[in-house]
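K.L.:
This is the structure, below, for whatever I ask next.
The values are calculated or read from the model by the stated rules, or taken from the named source; none is laboratory data. On a predicted model such as this, the values are computed, not experimentally measured, just so you know. As a convention, Cβ positions derive from the backbone with ideal geometry for all residues, glycine included, and neighbour counts pool all protein chains shown.
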């Protein structure tokens, strides 16, 4: 069976979707098990993923993006000509003219373009609606990355529930394997103290960083003096005002984009991980922090309670007082912090890339048989 996966996001500057796609394809190709797993356009995956640039060189990237553009903007069935022998074509949200032969599948990551359009650029909202018409309405079957995302897809887009399979993403194995010396070494590299609060995510309105900054500023001065708030992540959309605060507020360190190979140890070095996002289809940074055994504070909205279970403190992300109280509780209650960290690591064990890949192959097999 030949499965062709649209890997166009790997050629772009992207965070969550790119991370998911990279590890998913790697683990699917590692399993093989009689399956021919190919990427479209042709991409040989590197040893590591970088979210800030393409996984290929500039010439190769532009050549492939030109081909994707040709497939998207011409009425001709370009993908049928090049992928005619594929049993399944798995489209990304960058695909607007999928092949008409074989089975069509896709992954639904989140519904924020419909639920919170004000938190996206107009171009992004238009693109997602076009993707819904071109792919979601036509797909033979779909993967949702959480039960909450599946429920949103059914309720908001009217997609048939029986055509959507929930398959949780995985957490890279390195987050489960961080040693204490590795965590100390990375913390020293970034000149961080023994205790710090960590946030990881793109600097954009949906991540709710401004309320996190308000909550941190409301902590007792004694805590802020010894425990900085460390923010890690690339600059996203509508980030100017937040970036000014990150660079000027007392006790706050903005590290910008951190290479993927530093992130597991940096996460494990944190005293507390805070992720007050307004909406997540899954919330990979939260799952990664849980895998590293860090006590977490996160939102009680969207998929985040589903991912965290009873292994994190849940707060209303729009309530600065709740957010401050949860951070202060974990920073001052070492017993609770230890208990939550252990509980988090145990729960995160269900987010395994090998299990995700095995379930995904079974999903593709069922699609072809149907």
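K.L.:
Where in the range 196-312 are there strands (runs of 3 or more DSSP E), lying wholly inside it, with at least 1 residues that are surrounded by fewer than 18 Cβ atoms within 10 Å (Cβ to Cβ)?
P.N.:
252-256
K.L.:
OK, next. Run down 280, 339, 362 and say which single residue is at negative phi and either touching a helix residue (DSSP H, G or I) at 6+ places or on another chain (Cβ under 9 Å) or modelled with pLDDT under 95 (or both).
P.N.:
Matching residue, one of 280, 339, 362: 280.
K.L.:
Taking interchain pairs and intrachain pairs at least six residues apart, which have beta carbon atoms under 6 angstrom, with the first residue in the range 47-73 and loosely packed, with under 14 Cβ neighbours inside 10 Å and the second assigned to a helix (DSSP H, G or I)?
P.N.:
70/78
K.L.:
Check residue 64 against each of (1) farther than 30 Å from residue 264 by Cα; (2) part of a loop (DSSP other than H, G, I, E, B) and name the one condition it does not meet.
P.N.:
(2)
Residue-by-condition table, conditions (1) more than 24 Å from the chain's Cα centre (by Cα); (2) on the phi > 0 side of the Ramachandran plot; (3) in a helix (DSSP H, G or I):
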site: 59; (1), (2), (3): yes, no, yes
site: 68; (1), (2), (3): no, no, yes
site: 106; (1), (2), (3): no, no, no
site: 135; (1), (2), (3): no, no, yes
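K.L.:
Checking the conditions here, which among 20, 27 is in contact with a helix residue (DSSP H, G or I) (Cβ under 6 Å, 6 or more places away or on another chain) and either assigned to a loop (DSSP other than H, G, I, E, B) or in contact (Cβ under 8 Å) with a residue 40 or more places away in the chain (or both)?
P.N.:
Of 20, 27, the one residue that is in contact with a helix residue (DSSP H, G or I) (Cβ under 6 Å, 6 or more places away or on another chain) and either assigned to a loop (DSSP other than H, G, I, E, B) or in contact (Cβ under 8 Å) with a residue 40 or more places away in the chain (or both) is 27.
K.L.:
Right, here's the next one. Mind checking which residues of the range 137-153 are over 20 Å from the mean Cα position of the chain (by Cα) and either in contact (Cβ under 8 Å) with a residue 24 or more places away in the chain or assigned to a helix (DSSP H, G or I) (or both)?
P.N.:
138, 139, 140, 141, listed by residue number.
K.L.:
If you go through the range 84-97 one residue at a time, how many are under 23 Å from residue 34 (Cβ atoms), under 28 Å from the mean Cα position of the chain (by Cα) and either outside the structural domain of residue 363 (by TED's automatic domain parsing) or assigned to a loop (DSSP other than H, G, I, E, B) (or both)?
P.N.:
Going through the range 84-97 one residue at a time, the tally reaches 2.
K.L.:
Take residue 181 and decide whether it is under 24 Å from residue 344 (Cα atoms), exposed (fewer than 14 other Cβ atoms within 10 Å of the Cβ), more than 18 Å from the chain's Cα centre (by Cα) and without any contact (Cβ under 8 Å) to a residue 40 or more places away in the chain.
P.N.:
The answer is yes for residue 181.
K.L.:
When you scan the range 180-195, do you find a residue that is assigned by TED's automatic domain parsing to the domain that holds residue 360, out of contact with any strand residue (DSSP E or B) (no Cβ under 9 Å at 6 or more places or on another chain), assigned to a helix (DSSP H, G or I) and more than 22 Å from residue 299 (Cα to Cα), even just one?
P.N.:
Filtering the range 180-195 down to residues assigned by TED's automatic domain parsing to the domain that holds residue 360 leaves none.
The answer is no, given that none of the residues of the range 180-195 is assigned by TED's automatic domain parsing to the domain that holds residue 360, out of contact with any strand residue (DSSP E or B) (no Cβ under 9 Å at 6 or more places or on another chain), assigned to a helix (DSSP H, G or I) and more than 22 Å from residue 299 (Cα to Cα).
K.L.:
Could you list, in sequence order, all residues of the range 115-141 that are buried (at least 16 other Cβ atoms within 10 Å of the Cβ) and farther than 13 Å from residue 205 by Cβ?
P.N.:
Answer for the range 115-141, where residues must be buried (at least 16 other Cβ atoms within 10 Å of the Cβ) and farther than 13 Å from residue 205 by Cβ: 125, 127, 128, 131, 132, 134, 135, 136, 139, 141.
K.L.:
Taking the range 313-341 as the search range and keeping residues that are within 23 Å of the chain's Cα centre (by Cα) and without any contact (Cβ under 8 Å) to a residue 60 or more places away in the chain, which one is surrounded by the fewest Cβ atoms within 10 Å (Cβ to Cβ)?
P.N.:
Across the range 313-341, the extreme among qualifying residues is 316.
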